[in-house]
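The values are calculated or read from the model by the stated rules, or taken from the named source; none is laboratory data. Predicted model only: the values in this text are computed from it and were never measured. Methodologically, a virtual Cβ is constructed for each residue, glycine included, from the backbone with ideal geometry; neighbour enumeration extends over all protein chains shown. Calculation scope for accessible area: heavy atoms of the full protein, side chains included, ligands and nucleic acids excluded. Shrake-Rupley method; radii C 1.70, N 1.55, O 1.52, S 1.80 Å.
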Amino acid sequence: MEYTGQYTLDAVAWTLGDSTSETVNSNTISHVYSTSGTFEVKADVTVKKGSESSCASSHKRSITID
């Protein structure tokens with residue numbers, strides 16, 4: 001995921017499609033799948049403008065692990 005907006009990336013809550021979830025405050029994550037298959041990966045992204053205002057959006061992708 002790449003974020004190039006003007007506000008601060010506050011958190012990304014990842015749902016990795018294999019019963020694994022993780023929340024980070026950067027745009028990178030590392031994950032190893034234990035089996036092959038197609039997984040739906042979801043990123044719930046929250047950005048902040050200043051200390052009081054925030055905005056959230058969700059993004060989904062299907063990935064295939066061979």
In Hz, Karplus ³J(HN,Hα) per residue of region 6-23 (6.51, -1.76, 1.60; θ = phi - 60°; x = Gly, Pro): 8, 9, 8, 5, 8, 7, 10, 9, 8, 10, 9, x, 10, 6, 10, 9, 7, 10
Dipole magnitude (debye, nearest 20) for the chain, charges at Cβ of Lys, Arg, Asp, Glu: 180
Share of carbon and sulfur in the accessible heavy-atom surface of the chain [1.4 Å probe, %]: 44
Value of relative contact order over the chain, rounded to a whole percent, pairs C-alpha under 8 Å and six or more apart: 33
Measure of compaction for the chain (Cα Rg per 2.2 N^0.38 Å): 1.23
Solvent-accessible area per residue for the chain (1.4 angstrom probe, square angstrom): 73
Contour minus Cα-Cα distance for Asp44 and Thr23 (0.36 nm per residue): 6.7 nm
